[in-house]
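Remarks on the structure that follows.
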Amino acid sequence: MTLFMSKLMSGIVELLIVSVIPFITWLIWSRKKVGFFDWIGLKKVESQQKRRLLLTILGISLLFLLFSIVVFAWFDSSQTATAAFSGKGSLSCYLGLCYLRDCLARRNLL
């Protein structure tokens, strides 16, 4: 459960960080021209069958949720790269880059 909560919290933080960058860009350049959601491309869906659309979105979301739960349960949390670098502080960034370089070198991608 600790791995799940850690992944959930880091996902929320990453979402906030990624969301702030377009918002600041919109504030600087396009705030008076167009609304934020129109600027990033989110528009209201025009559909005659709202119930079917809602059920489709809900069904696909549940499939992704079940798949992610199965994947989390399938892997041992002590063997992940996250577990290997936990508790190392700022050194973990450097160690993570070395780990990535090593993985790419093993696959002859470097």
**Report entry** Set of lysines with alpha-carbon distance to residue 43 below 17 Å, sequence-local pairs under 8 removed
**Finding:** 33
Query raised in the report: Quick one: what do you get for the chain if you divide its Cα Rg by 2.2 N^0.38 Å?
Result: 1.54
**Report entry** On Cα atoms only, tilt of 2-29 relative to the major axis of the chain in degrees
**Finding:** 50 degrees
**Report entry** Folded to 0 to 90 degrees: helix 91-106 orientation relative to the chain principal axis, Cα
**Finding:** 80 degrees
Report task. Starting from the Cα-Cα distance between residue 106 and residue 88, subtract it from 0.36 nm times their residue separation and give me the gain in nm to one decimal. Result -> 4.0 nm
**Report entry** Computed [θ] at 222 nm, helices only, for the chain once each DSSP H run of length n ≥ 4 contributes -39500 (n - 2.57)
**Finding:** -23500 deg cm²/dmol
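Just so you know, all these numbers are worked out from the coordinates, no wet-lab data involved. Since this is a predicted model, take the numbers as computed values, not measurements.
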